[in-house]
Each structure stands twice: as C-alpha cells, then as structure tokens.
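Encoded as structure tokens, the structure appears first; notes follow it.
The values are calculated or read from the model by the stated rules, or taken from the named source; none is laboratory data. For clarity, every value in this text was computed on a predicted model and none was experimentally measured. Cβ sites come from the backbone with ideal geometry, for glycine too, and all protein chains shown count toward neighbours. We work out accessible area using only protein heavy atoms, side chains counted, and drop any ligands, DNA or RNA first. Shrake-Rupley method; radii C 1.70, N 1.55, O 1.52, S 1.80 Å.
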Amino acid sequence: MKLLNPKAERFEHLDEPSRQIMLKTIAFFENKGKARLKHDDHERVWYRDFLDFLKDNRIFSSLLTPTAYGGNDCRWDTARNCDFSEILGFYGLPYWYTWQVTILGLGPIWMGQNDAVKQKTAQLLKDGEIFAFGLSEKEHGADLYSSEMTLTEIKDCEYRADGGKYYIGNANEAALVSTFGKMADSDEYVFFVVNSRHPNYECVKNVVNSQNYVAQYALHSYPITDADILTRGQQAWDSSLNTINVGKFNLGWASIGICTHAFYEAIRHAANRRLFNHYVTDFPHVKQLFTDAYARLMAMKLFAARAADYMRSASATDRRYLLYNPMVKMKVTTHGEEVINLLWDVIAAKGFEKDMYFEMAARDIRALPKLEGTVHVNMALIIKFMANYFFNPDVFPEISRRTDPVNDDFLFNQGPTKGLGKIRFHDFQIAYNRLHLPNIEIFKAQIEVLKTFLATATPSAEQAKDIDFLLIVGELFTLVAYGQLILENAAIQAVENDMVDQIFDFMIRDFSKFALQLYSKPSTTQKQMDLCLQMIQKPVADPGRFEKIWKDEIYALKEAYQMND
Ligand SMILES: Cc1cc2nc3c(=O)[nH]c(=O)nc-3n(C[C@H](O)[C@H](O)[C@H](O)COP(=O)(O)OP(=O)(O)OC[C@H]3O[C@@H](n4cnc5c(N)ncnc54)[C@H](O)[C@@H]3O)c2cc1C
C-alpha cells in the first residue's frame, strides 16, 4: 500500500467508469491549480466551479445513487467512495464537505419508505443537485432526544413544519434537505424533506467563516404532506443513526487525504532546506518526526481500507462494522491531527504561509474528530463492544479485500440500532499470531496485561460511571482493534515486515501513554496501578530497520508530488 500520488495513481483496482471519475476529478483540481485553490479558500468563494464540474460529469449521480434507482451506471460502492473522499480531502476539506453532507442528506432518503422521493432524488442527482442533512439543532448538539423541530397535523395528510436547524452543510442550495423532528401531538420522531428554495424556508446565515456553507435554517409553517415524509417513529430514529454510520466513515478518508498532501509539501520543503551546512532532513529528530508521521499515515490507511471491507460485507448477522466504523471516525482522525502536528514541528514557519496547502491542512484537520459525534460520543459507543471483543469471540468466514463493483445494499437496510452489546467479533488473536516481529510481540504482551486488568481488576461500578475513566480504557481497547485490522490488511496488501514493525513501534508508545494516564486517574486502585505499570513498555530499537524505511520509503518521496501552480 502506498500514499496517494494523484499524478501517478492509475486506480487500477477500479472499473473503467470509476477510474475516469477519479482521474477527471484530479485533473479538475490540477487544472484549477494551487494559486486559485488558495485564493478561493482565503476569499471564501462558493465552489460553483466544482459543483458545475460534478454536474457536467454526473459524478454524484454515479457514486451516490443505488443501482436500483439509477441503473447500471450507478452504484453506492464504499470502496470507490473512499477513493473519492481521499482525493477531495487531498485538495481541500471544503470540497469534501459538500460531498459529505450530500451523502448524509441522501441517507434518510435511501433508507426511507418513500419511493416517490427516491425516484425524484435519482433525477435530482442526474441534474447535478446537492443535498443536506438537517439533524443538529442550536441548543441540543449530540442530544437528539431533545430535538425541537415539529410537524403539526392541520388536516388528514397535511402538516406544517416549524423550527430551526443549526450547523447544516449545503443548506443554502440543497434541492432536498432531510430534516429530523417530532410530531407535535405524539412526540413521535419523523424525517421529512424540504426544499431550500421554498419561500417558507429561511436560510438564516452561514454560521462558520469558511468557503463552505454551514447554515442555520428555519422552517416557518412550511407546508408538508405525506408525500414529503420519509420515515416515522423508530424507523426515523434508526435512519438518523444509520445515516451517521455511513457518513462518519468518510471523515477518516478526508483526514488521510489531508495528511498525504501535507506530507508531500513537508518532505519537499525539509529536504531542500539547508541550515548549518546540513539539509533539514539530516537532523536525527527530523527523521524521527517524519518516520512517525509516515508510519501513522500508513496505519491510518491500512486500517480504514480494511474497515471498508467489513462495511461492505456487513449483514444483519455480521455487524462487526459497528466497531470498526466509529474507529475510522475517532481514531483515524485523531491520528491525522497527530500527523499534522509532527509535520508542522518539522516545517515550522513554512506551515503558516498563505501559499502552502499546509496552512489549510493545519486548520481543517482539527475539524474531523469533532464532527458527526465527537470522539467522546463515539468512544462511549465503542466501549459497549469491549467485553465480547476480548472474552467471547465467535467464528466468521474470512472477509477478503472488497473492491468488487457491487452496490452496498445493506448500508441502506441496517435495521434497528439497538443490541450493540450483543454483537460478536472474530478472535483478534488470529491476526496477531500470524506474524512474529519484535514489536508485535511486545504489543501482544501489553494486550495480555490489559486483558488481565479487565478480568481481575475490573473497573468498579463507580469507575464505570465515570466517562473520563472509561474513555482511557476505551483508548487502550481501540488500539488493540486498530492493530488487528492493520495486521489483517498488511497481509492482504503484502506490506513489508519492516514497515509493520515500525508501525507497532508507535503503537507500543501510544499504549504506554494511555496506560500511564489510566495509572494517574484519581480512582485507580493499587492493583489497577500495578497492572498499568506492566502495560508501559518500550519498543525494540532497530536502527537498520529505521534507516531503511527512512531512506527507501520516506526520503524517497521528497520530489514525488507537487500540485500545479
Ligand atoms: C463545520 C460543521 C459542520 C456540521 N455539519 C452538520 C450537518 O451538515 N448536519 C448536522 O446535522 N450537523 C452538522 N454539524 C453538527 C455536528 O455534528 C455537531 O457539532 C456534533 O454532533 C457535536 O455537537 P456539538 O458540537 O454541539 O457538541 P455538544 O453536543 O454540545 O457536546 C459538548 C460536549 O459534550 C460531550 N458529550 C455530549 N454527549 C455525550 C455522550 N453521550 N457521551 C460522552 N460525551 C458526550 C461532547 O463530546 C462534547 O465534548 C456540523 C458541525 C460543524 C462544526
């Protein structure tokens, strides 16, 4: 597996129409050039040129219409959508954002019961329209139970919608805005669509100061009929969470794209800058910063691509994606922040310059852990899987790499969002026992101590109520699952052992860091503290391996990519 290089990548794993989509999109950005890209970012120019390009090439229609509604030219295929997300992140988060919120807006429509709206949506996508997802409200953030948007029945099958939504992308132009609310009389949940051009729809303002539009909108007695309603009751609730399941996955790919572009800029700059009669890349600490950034980025990509295999293979009896998918959201995106931190420590002042892509990357990378449920909300979700993951494995057929050109039907038929604690996983030790490398052995020893901690020094009822305490336990748990999928994918993609061992070098250090944090919690018992100390380990130093990776894989990228001016 390699970093995306838009000027060299041929997308040979894709079929011809998909390959053309990716190549044309890259050509759009390279023709636009970095100077214009940065100008539009600074001046907050609405990306009409990009939307026109998408429309002319029917790109959203091809990528985001299920085959059943769009015909053979269309399919919702998570693997190629990951490629597209990565490309958009690579060139700028605002472009990715209009794609992302269109995906979110489409979720409740494709998951809903309203066939007429689905047919209309397929046509709107062909016409080059964009969509929006009206879930968040100003006063309630993550607390969806408190939603105040209401639908009041006026007479049979006719209603009026009143209320406001906040932080809604594309809500200035979306042809359909999927809006979540409650029935005024019964408090039953409901999802319905509105049109942002209707006179009773007020786009109040853009609440952010960036190129994309993140709107506050209000519905003033907006007329709704049964023909606009997508789902009601439990199905409406489920489709809000199931839509986020689909959407939040893309956050990781945006992060990978951003980090990759920033990496190319940073290594080019550092390798060509001479200080004190040395190139900056000759300093040992700079080599270490780059190697950590690169290993983290490779790990992000290996994990996220493997998680896509599980997304595409999910079914009512295989819901393992519900662990891996929030990890793409919270773990890959927080590691993305770390990559940018490391690179910024190398390029220092250069990272502030207005003509650098890096300046955008440093700002935008921060957004991804905070959208679609914060890291905390996702971690609170993930912890429910921990007991079955460690102590109650099941047997599943092995999932292969999934780049086959099929529609991902199950994503729009995920069913109830309940029962997370009952989901079973395959034995994580299978992946860990396949390869015997020095740092994997140390990491396995750390995992064993964590299992002992959970089995014999189990967090008390008081500790389990303390989210602050649980979040750190969750960090340790997710590192185990992170390493597992990295190893699975390293085998599939034939990643060299040296690279895998280098990845586990930072994994051991991350595990040790969280073990120390757990040790330091006020409520940790003596037994728990003793076990935490056993979890703190040091990776095996292998200067030969380090130097080889630095020279052959990292320094070798110094002239690999530069965006057209
Ligand atoms: C640029 C941008 C674009 C957005 N686009 C959209 C969009 O298109 N459509 C849309 O519907 N929304 C959108 N959002 C809203 C976004 O999804 C919310 O910001 C996010 O869900 C978190 O809500 P909040 O920021 O209001 O935080 P709050 O909900 O106010 O949370 C505050 C704190 O409480 C913690 N917390 C809350 N609940 C829990 C819990 N159960 N367990 C543990 N900790 C918890 C949080 O982690 C956080 O630290 C967007 C937001 C931004 C900034």
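Hey, any hits in segment 338-360 for a residue that's within 16 Å of the ligand (Cβ to nearest atom) and out of contact with any Ser or Thr (no Cβ under 9 Å at 6 or more places or on another chain)?
The answer is yes; a qualifying residue exists.
Return the total of residues in segment 52-91 being of a type in the set (S, T, N, Q) and within 16 Å of the ligand (Cβ to nearest atom).
Let us first name the residues in segment 52-91 that are of a type in the set (S, T, N, Q), namely 57, 61-62, 65, 67, 72, 78, 81, 85.
In the following step, the residues that additionally are within 16 Å of the ligand (Cβ to nearest atom) were identified as 85.
Result for segment 52-91: 1.
Please state which one of L411, L437, L420 is open to solvent by less than 30 Å² (accessible area, probe 1.4 Å) and under 29 Å from F11 (Cβ atoms). Give the steps one after another, and end with the answer.
Values: L437 fails: under 29 Å from F11 (Cβ atoms); L420 fails: under 29 Å from F11 (Cβ atoms).
Testing whether each residue is open to solvent by less than 30 Å² (accessible area, probe 1.4 Å) and under 29 Å from F11 (Cβ atoms) leaves just L411.
What single numbered condition from (1) more than 24 Å from G33 (Cβ to Cβ); (2) within 16 Å of the ligand (Cβ to nearest atom) fails to hold for I365?
Answer for I365: the failing condition is (1).
Among the residues of segment 492-522, count how many are open to solvent by 60 Å² or more (accessible area, probe 1.4 Å) and over 21 Å from L342 (Cα atoms).
Number of matching residues: 9.
With the condition kept exactly as written, say whether any residue in segment 423-445 is at pLDDT 95 or above, in contact with a strand residue (DSSP E or B) (Cβ under 8 Å, 6 or more places away or on another chain) and either within 16 Å of the ligand (Cβ to nearest atom) or aromatic (F, W, Y) (or both).
Taking every residue of segment 423-445 in turn, at least one turns out to be at pLDDT 95 or above, in contact with a strand residue (DSSP E or B) (Cβ under 8 Å, 6 or more places away or on another chain) and either within 16 Å of the ligand (Cβ to nearest atom) or aromatic (F, W, Y) (or both).
In segment 149-172, which residue that is open to solvent by 50 Å² or more (accessible area, probe 1.4 Å) and not in a strand (DSSP E or B) is farthest from the ligand (Cβ to nearest atom)?
Of everything passing the filter in segment 149-172, D156 is farthest from the ligand (Cβ to nearest atom).
What pairs come up if the first residue lies in segment 314-325 and is crowded, with 22+ Cβ neighbours inside 10 Å, the second is in a strand (DSSP E or B), and their beta carbons are under 9 Å apart, counting only those six or more places apart or on different chains?
R320/H426
So Y145 clears everything in (1) over 21 Å from V214 (Cα atoms); (2) open to solvent by less than 10 Å² (accessible area, probe 1.4 Å); (3) within 14 Å of the ligand (Cβ to nearest atom) except one condition, right? Which one?
With respect to (1) over 21 Å from V214 (Cα atoms); (2) open to solvent by less than 10 Å² (accessible area, probe 1.4 Å); (3) within 14 Å of the ligand (Cβ to nearest atom), Y145 is out only on (2).
Exactly one of (1) on the phi < 0 side of the Ramachandran plot; (2) surrounded by fewer than 20 Cβ atoms within 10 Å (Cβ to Cβ) is unmet by R58. Its number?
The number of the failed condition is (1).
What residue, among those in segment 532-559 that are touching a Leu at 6+ places or on another chain (Cβ under 8 Å) and of a type in the set (A, V, I, L, M), is least open to solvent (accessible area, probe 1.4 Å)?
That would be M535.
Looking only at segment 226-283, which residues are basic (K, R) and at pLDDT 95 or above? Write out each step before concluding.
Start the filter on segment 226-283 by keeping residues that are basic (K, R), which leaves 232, 248, 268, 273-274.
Within segment 226-283, R232, R268, R273, R274 meet the criteria.
Conditions tested, residue by residue: (1) at pLDDT below 95; (2) touching a Pro at 6+ places or on another chain (Cβ under 9 Å); (3) surrounded by 23 or more Cβ atoms within 10 Å (Cβ to Cβ); (4) among the aliphatic types (A, V, I, L, M).
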residue: T334; (1), (2), (3), (4): no, yes, no, no
residue: E338; (1), (2), (3), (4): no, no, no, no
residue: L343; (1), (2), (3), (4): no, no, yes, yes
residue: F391; (1), (2), (3), (4): no, no, no, no
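With the requirement that a residue be crowded, with 23+ Cβ neighbours inside 10 Å and either farther than 12 Å from G257 by Cα or aromatic (F, W, Y) (or both), what does segment 358-367 give you?
Within segment 358-367, F358, M360 qualify.
Regarding segment 372-383, can at least one residue be identified that is more than 18 Å from the chain's Cα centre (by Cα) and at pLDDT below 95?
Yes - at least one qualifying residue is present in segment 372-383.
Looking at segment 370-395 only, could you name the residues that are under 18 Å from L454 (Cβ atoms), touching a strand residue (DSSP E or B) at 6+ places or on another chain (Cβ under 9 Å) and either within 16 Å of the ligand (Cβ to nearest atom) or not in a helix (DSSP H, G or I) (or both)?
The one that is under 18 Å from L454 (Cβ atoms), touching a strand residue (DSSP E or B) at 6+ places or on another chain (Cβ under 9 Å) and either within 16 Å of the ligand (Cβ to nearest atom) or not in a helix (DSSP H, G or I) (or both): P393.
For segment 505-546, give me each residue that is in a helix (DSSP H, G or I) and of a type in the set (K, R).
Within segment 505-546, R509, K513, K527, R545 qualify.
Can you tell me which of (1) of a type outside the set (D, E, K, R); (2) under 22 Å from N378 (Cα atoms); (3) part of a helix (DSSP H, G or I); (4) in contact with a Pro (Cβ under 8 Å, 6 or more places away or on another chain) is the one F133 doesn't meet?
(3)
Looking at I340, I267, I244, I258, which is the one that is of a type in the set (A, V, I, L, M, F, W, C), touching a residue at least 12 places away in the same chain (Cβ under 8 Å) and farther than 22 Å from L3 by Cβ?
The unique qualifying residue is I244.
Any residue in segment 107-115 that is among the small types (G, A, S) and part of a loop (DSSP other than H, G, I, E, B)?
yes
If V495 satisfies all but one of (1) touching a residue at least 12 places away in the same chain (Cβ under 8 Å); (2) in a loop (DSSP other than H, G, I, E, B); (3) more than 25 Å from the chain's Cα centre (by Cα), what's the number of the condition it fails?
Unmet for V495, out of (1) touching a residue at least 12 places away in the same chain (Cβ under 8 Å); (2) in a loop (DSSP other than H, G, I, E, B); (3) more than 25 Å from the chain's Cα centre (by Cα): (3).
Against the definition (within 16 Å of the ligand (Cβ to nearest atom) and farther than 20 Å from L54 by Cβ), how does P94 come out, yes or no?
no
Where in segment 1-93 are there helices (runs of 4 or more DSSP H), lying fully within it, with 1 or more residues that are under 23 Å from the mean Cα position of the chain (by Cα)?
16-42, 48-56, 59-64, 78-91
Can you tell me how many residues within segment 455-469 are under 19 Å from A380 (Cα atoms), open to solvent by less than 20 Å² (accessible area, probe 1.4 Å) and not aromatic (F, W, Y)?
The first filter runs over segment 455-469 and keeps only residues under 19 Å from A380 (Cα atoms), leaving 458-469.
So of that shortlist, the ones also open to solvent by less than 20 Å² (accessible area, probe 1.4 Å) come out as 463, 469.
Then keep just the ones that are not aromatic (F, W, Y); that gives 463.
Qualifying residue count, segment 455-469: 1.
Given K120, K138, which one is open to solvent by 60 Å² or more (accessible area, probe 1.4 Å), basic (K, R) and either away from the ligand (no atom under 16 Å from the Cβ) or touching a helix residue (DSSP H, G or I) at 6+ places or on another chain (Cβ under 8 Å) (or both)? Reasoning before the result, please.
Numbers: K138 fails: either away from the ligand (no atom under 16 Å from the Cβ) or touching a helix residue (DSSP H, G or I) at 6+ places or on another chain (Cβ under 8 Å) (or both).
One residue alone meets the criteria, K120.
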